[in-house]
Ligand code: KG4
Ligand code: ZN
């Protein structure tokens, strides 16, 4: 049996969770606590690293204690402590990692330094038991990547954004149109009331081979279109949001089609599966477009529950378990 405490503090969520894998291979999230700092950053229209780090310090100890209490276990029941060690905002990463190190020292348990992206990449194996290999589309405020997940620790980046992350483009577009932070949900709400055909926006990079994407030009195109409109009334904002969202969904849809082709070339015998993760995966228009693309390509699309798609500590604990399981399989005397 493996029981791991996970800690995540790399951006604006403070999170602690306990995940257990029992001897029969069954796994369970015993607790999954999270504190979102969103309200502390909203007046600034984005995450302020200094505020984020200070806020993690304030809540992480009590949140960790809460995760242990909700899991109903004692510190000595833990097999290891896993914490995000990067990439992320360094102040927050230091708070999480040093807290995890202290717990590891005090309890004499191993510390597992987890890459945040690996956490996202392996979440689908916690929620849906997805076998390797599979594709991951990570679309958040900081990341926009197609990854080929071949095994624990064996990832290949097939494509990424060459400028803004997709969530960042949503947030910046919202800001320039006077919508609140975080911009993604606000743009989606406005887009539902808008007409996507009134403004013609570009589909950046689609004429190029490969899986890279670009979103900065799209945001600038929205600004240029808005500047030509006077006044920028509510209908215009809704129509611009609808056009922006349709363009993003189109770019992601086309790139996903190509990702399935790349997967088929590599693994002709395996039906492609794509897992989506990150806050932008909550967007219904993007989800719908991805589902259509998957259906056309006879591929499987997996969207873990929203709470596990966005930043959380259960994914960090689970990545720790996957790593421990691997080392135990390689060395049966290790951490049994
Ligand atoms: O994964 P996440 O919660 O945090 C990190 O960035 O790590 O993602 C947050 C991002 C923000 O940029 C937010 O605007 C975007 O996800 N987002 C959305 C939606 N909900 C959140 N973007 C588009 N549509 C949404 N419904
Ligand atoms: Zn993330």
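The values are calculated or read from the model by the stated rules, or taken from the named source; none is laboratory data. Predicted model, so just to flag it, every value in this text is computed and none were measured. Note: ideal-geometry Cβ built from the backbone for every residue, glycine included; neighbour counts use all protein chains shown.
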Filter result (more than 13 Å from residue 137 (Cα to Cα) and crowded, with 20+ Cβ neighbours inside 10 Å) within region 273-296: 283, 289, 293
Please pick out the residue among 114, 90, 7, 34 that is within 16 Å of ligand 2 (Cβ to nearest atom) and exposed (fewer than 14 other Cβ atoms within 10 Å of the Cβ). 90
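Matching residues to (1) part of a helix (DSSP H, G or I); (2) out of contact with any helix residue (DSSP H, G or I) (no Cβ under 6 Å at 6 or more places or on another chain); (3) away from ligand 1 (no atom under 16 Å from the Cβ):
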residue	(1), (2), (3)
263	yes, yes, yes
275	no, no, no
285	yes, no, no
292	yes, yes, yes
298	no, yes, yes
319	yes, no, no
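With respect to residue 221, determine if the residue is surrounded by 19 or more Cβ atoms within 10 Å (Cβ to Cβ), over 29 Å from residue 116 (Cα atoms) and in the same structural domain as residue 161 (by TED's automatic domain parsing).
Spelling it out, residue 221 is indeed surrounded by 19 or more Cβ atoms within 10 Å (Cβ to Cβ), over 29 Å from residue 116 (Cα atoms) and in the same structural domain as residue 161 (by TED's automatic domain parsing).
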Give just the number: which of (1) away from ligand 2 (no atom under 15 Å from the Cβ); (2) under 18 Å from the mean Cα position of the chain (by Cα); (3) on the phi > 0 side of the Ramachandran plot does residue 108 not satisfy? (2)
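Each row is one residue, and each column tells you yes or no for (1) within 16 Å of ligand 2 (Cβ to nearest atom); (2) touching a strand residue (DSSP E or B) at 6+ places or on another chain (Cβ under 9 Å); (3) free of Cβ contacts under 8 Å to residues at least 24 places away in the same chain; (4) farther than 29 Å from residue 114 by Cα.
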{"site": "281", "(1), (2), (3), (4)": "yes, yes, no, no"}
{"site": "289", "(1), (2), (3), (4)": "no, no, no, yes"}
{"site": "301", "(1), (2), (3), (4)": "no, yes, no, no"}
{"site": "310", "(1), (2), (3), (4)": "yes, yes, no, no"}
{"site": "313", "(1), (2), (3), (4)": "yes, yes, no, no"}
If you scan region 180-199, which residues turn out to be modelled with pLDDT under 95 and farther than 16 Å from residue 282 by Cα? 180
Here is a check on your reading of the model: is residue 138 crowded, with 21+ Cβ neighbours inside 10 Å, touching a residue at least 12 places away in the same chain (Cβ under 8 Å) and either in the same structural domain as residue 290 (by TED's automatic domain parsing) or closer than 30 Å to residue 175 by Cα (or both)? yes
Only one of these is within 16 Å of ligand 1 (Cβ to nearest atom), surrounded by 16 or more Cβ atoms within 10 Å (Cβ to Cβ) and touching a residue at least 12 places away in the same chain (Cβ under 8 Å): 247, 259. Name it. 247
Pairs with Cβ under 6 Å, 6+ apart, first in region 179-196 and more than 17 Å from residue 223 (Cβ to Cβ), second part of a loop (DSSP other than H, G, I, E, B) and near ligand 1 (Cβ under 6 Å from one of its atoms): 188/283
